[in-house]
Amino acid sequence: MRSLRRFFSIIAAAFAALIMSSCGHGEGDRTDVYKIFFPEEGYASIISEERTILPENSSDMVSALLNELEKEPSDDKGIPSITSDIKPSRVDFKENGVQIDFPEAYLDMDRTREILVRASVVETLTQYDKVQRVSFLVNGEELKDSAGVVIGDMTADSFINNTGVELNSYERTNVTLYFTDIGGSALKRYDEDLVYNTNMAIEKFALETLIGGPQAVNEQEAFPTLSPDTKLLQVTVKDRIAYANFDTSVKEEPYSVDEETALYSIVNTLTSLPGIDKVQISIEGSTEGVFMDHMKLDELYERNDDLIN
């Protein structure tokens, strides 16, 4: 009987300790460590630093993270993502996400700064498990890209190469792209200062920008050479030869563009990058057959400056 009483005493003491422990650690005492992302000074890349966030409750987490984005980074190479001129006027919670309304001054930022600021905000907020998507408004209107297309919901994957690799940085680089003229029979060269993610090979970035068409670089007098549905499956470089593998949609001809012009828009874009002299194109991994009509896939192509207008 005595041992039974002792057993119940031990159970009661353990239960009381558990209750005391629960009371002593409410939600307001929770400690969360988040990476806060900032543009580097000069807007050449993105840096991050870890900070401990102590929100009063979970609904205040987004506000707490936005407040952190307004503070100076401890690294003197960084600058706040959100400055006083673009401080959000409103934040609305949507299903699994938030919608942030910025003032008109947001549109005054140059393209490089805007991309890096947007990436910093989205990358920071989507670490919180209740925010999977972020959308931007400016004065109540949905944010649009340089081509006038609504950007819509953004996720962490909107700003990193979708390979599960964590965001390292964005860098600004000059890329030479070759689009075509209104006749579709000549190439037009455009040297563009663009921002890209260093998780992605520069060759892949250049080709995907080419596929995106002139709107990707905001050029109004150039015309696309490839179908916008084209998927770049892989691009590798070995012995100064770039091997670009596309899906079958690269054979589609939605525009009035000569086959030679389309092919050399790829070749000239890649050979403008350092370390590439020749290009071989494959479709679904095969080099049998032709690119569109007659240009053979099993050949190595060098740049063709004669087509440049």
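The values are calculated or read from the model by the stated rules, or taken from the named source; none is laboratory data. Quick caveat, the model's predicted, so the values are computed rather than measured. Note: ideal-geometry Cβ built from the backbone for every residue, glycine included; neighbour counts use all protein chains shown.
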query = What do you reckon, is Asp277 within 29 Å of the chain's Cα centre (by Cα) and either surrounded by 12 or more Cβ atoms within 10 Å (Cβ to Cβ) or in the same structural domain as Lys238 (by TED's automatic domain parsing) (or both)?
reply = yes
message = It is to be established whether one or more residues within the range 256-272 are surrounded by fewer than 20 Cβ atoms within 10 Å (Cβ to Cβ), farther than 21 Å from Asp306 by Cα and of a type in the set (Gly, Ala, Ser).
response = no
note = Counting only strands (runs of 3 or more DSSP E) entirely within the range 30-136, those with at least 2 residues that are at pLDDT below 90 and closer than 19 Å to Ser158 by Cα are 46-53
remark   = When (1) closer than 27 Å to Thr173 by Cβ; (2) under 19 Å from the mean Cα position of the chain (by Cα) are applied to Asp108, the one that fails is (2)
